[in-house]
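I have placed the structure first, in the form of C-alpha cells, so that the comments after it can refer back to it.
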C-alpha cells in the first residue's frame, strides 16, 4: 500500500436523482479511500444496489501519489456494492476496443453481531465471548470457514486451581481472568489459547524451560524484574514463548493497578505495553483485542478472498479502502478498514 503522505479530498459527483434516498431510509456515513500508483489513472463509479454513490476520477503524475477520497451516505439495508469504470496507465486512452469500462461487485456481509459482542457489549467477559462465538457460528455458514474461537464450559470448580496458582506466583490474578476461567475449562482462539491456572508460571521460569533459554542477565534490570514477576495469561501455539503477560501493580500511573504486555521470546528487549489510549489495558481489553485481530480481521480477509465485503452496519462511520492491481486489467480490491475501538 502506498505510504499515506497526505489526504486529497475529491468532490463526489452525485446527481440529486440518484442520491435522493427516502426520508425513512437509515444511512451511515462512509469514507472511501482509493490508492493508485504513480503514472496511473482511474475513472470509476461506486454504486449501492445499482444506485450511484460517488464518482472518482484521478490522474497520478507525482512520484509519491496521495490517496483519493470520497465521502457519502450508505443505506443500512444495502445488499451489495459495485464499481464500474476503468484503470490504466496515464498514456492509456479509453476508446472502442481499447480500454472499455469494466465492473466488479461485492455482496455485503454484516459483521455487526461480532462487533456488538466484542466491543459494544457491557456484559461480563465470559458472556461476551459466548455471544461472540454464537455470532461467529452464524457468519461462518456463508463463508464456509471454521470457527476461530472455541469455548469448553467448565464442569469443576476452578477456585482451588486459581488459589494454587496465586500462591505459586505470589500475587492475585486479575478478577476478569478468574471470572473467565471459572466459566470455561478451555478457551482457544485460532493459534493461541488462554493459559489455565495449573500451567501458569513466571515468564522467567518458563523461559528457562525452553530448549535454548535466553541469557536473562544480559537484559536491562527493569526488564529482568518484569520477566521475574509477570505471567503469561494468553499464549500462542509454537515452540517459542509469546503472548499476553500480566504484571501486577508496580508503580505510578496505570502501573498503580496492573499492566498487560505482549511478550515475544525473540524480542525480550521490547515488550509491548498494551494501551487503550493512554490507559493500560485490563486483561479483558487485551484479550478482546486479540480476538478482534485473530477473529474479526481474519474473517474479513476470508470474505474478501471469496469476493465479498464484510462491514459493520452499526458503526458510527465506515471506512473502505480501494486498491488497484495491474493496470493491464480491471481488478479493484475493496476492503473494510477495521480499527480496534
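The values are calculated or read from the model by the stated rules, or taken from the named source; none is laboratory data. Only a predicted model underlies this, so the values are computations on that prediction, with no experimental measurement involved. Ideal geometry is used to build each Cβ from the backbone, glycine not excepted, and the neighbour counts take in all protein chains shown.
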| task | Just need a number here: residues in the range 277-294 that are touching a helix residue (DSSP H, G or I) at 6+ places or on another chain (Cβ under 7 Å) and in a helix (DSSP H, G or I). | result | 5
| query | Restricted to the range 151-174, and to residues that are closer than 12 Å to residue 201 by Cα and outside any helix (DSSP H, G or I), which residue is nearest to the chain's Cα centre (by Cα)? | reply | 173
| query | So which of 80, 148 is farther than 22 Å from residue 37 by Cβ and at pLDDT 95 or above? | reply | 80
| Selection within the range 242-257 - in a strand (DSSP E or B) and modelled with pLDDT under 65 | none
| task | Report yes if some residue within the range 287-304 is more than 30 Å from residue 106 (Cα to Cα), surrounded by 18 or more Cβ atoms within 10 Å (Cβ to Cβ) and in contact (Cβ under 8 Å) with a residue 12 or more places away in the chain; otherwise report no. | result | yes
| Within the range 74-90, tally of residues that are surrounded by fewer than 16 Cβ atoms within 10 Å (Cβ to Cβ), over 19 Å from residue 331 (Cα atoms) and either in contact with a helix residue (DSSP H, G or I) (Cβ under 6 Å, 6 or more places away or on another chain) or free of Cβ contacts under 8 Å to residues at least 60 places away in the same chain (or both) | 2
| task | Can you confirm whether the range 182-197 contains a residue that is at pLDDT below 95, over 24 Å from residue 278 (Cα atoms) and not in a strand (DSSP E or B)? | result | yes
| query | Name the residues in the range 283-314 that are under 19 Å from residue 173 (Cα atoms) and out of contact with any strand residue (DSSP E or B) (no Cβ under 7 Å at 6 or more places or on another chain), would you? | reply | 284, 288
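Let's see how each residue does on (1) in contact (Cβ under 8 Å) with a residue 24 or more places away in the chain; (2) within 25 Å of the chain's Cα centre (by Cα); (3) closer than 15 Å to residue 192 by Cβ:
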{"site": "230", "(1), (2), (3)": "yes, no, no"}
{"site": "234", "(1), (2), (3)": "yes, yes, yes"}
{"site": "244", "(1), (2), (3)": "yes, yes, yes"}
{"site": "257", "(1), (2), (3)": "no, no, no"}
{"site": "260", "(1), (2), (3)": "yes, yes, yes"}
{"site": "279", "(1), (2), (3)": "yes, yes, no"}
| task | Considering only residues that are surrounded by fewer than 19 Cβ atoms within 10 Å (Cβ to Cβ) and within 16 Å of residue 288 (Cβ to Cβ), look in the range 263-276 and name the one that is modelled with the lowest pLDDT. | result | 276
| query | For residue 116, are the conditions met, namely being out of contact with any helix residue (DSSP H, G or I) (no Cβ under 6 Å at 6 or more places or on another chain) and under 23 Å from residue 27 (Cβ atoms)? | reply | yes
| request: Just give me the residues in the range 183-194 being more than 13 Å from residue 234 (Cα to Cα) and either in contact (Cβ under 8 Å) with a residue 40 or more places away in the chain or not assigned by TED's automatic domain parsing to the domain that holds residue 158 (or both), in sequence order. | output: 183, 184
| field | Selected residue (only one of 169, 149, 139, 143 is surrounded by 15 or more Cβ atoms within 10 Å (Cβ to Cβ), assigned by TED's automatic domain parsing to the domain that holds residue 283 and within 20 Å of residue 236 (Cβ to Cβ)) | value | 149
| query | Looking at (1) surrounded by 15 or more Cβ atoms within 10 Å (Cβ to Cβ); (2) farther than 16 Å from residue 109 by Cβ; (3) touching a strand residue (DSSP E or B) at 6+ places or on another chain (Cβ under 6 Å); (4) not assigned by TED's automatic domain parsing to the domain that holds residue 31, which is the one condition that is false for residue 321? | reply | (4)
| said: If a residue must be farther than 22 Å from residue 124 by Cα and either touching a helix residue (DSSP H, G or I) at 6+ places or on another chain (Cβ under 7 Å) or buried (at least 21 other Cβ atoms within 10 Å of the Cβ) (or both), how many such residues does the range 211-237 contain? | reply: 9
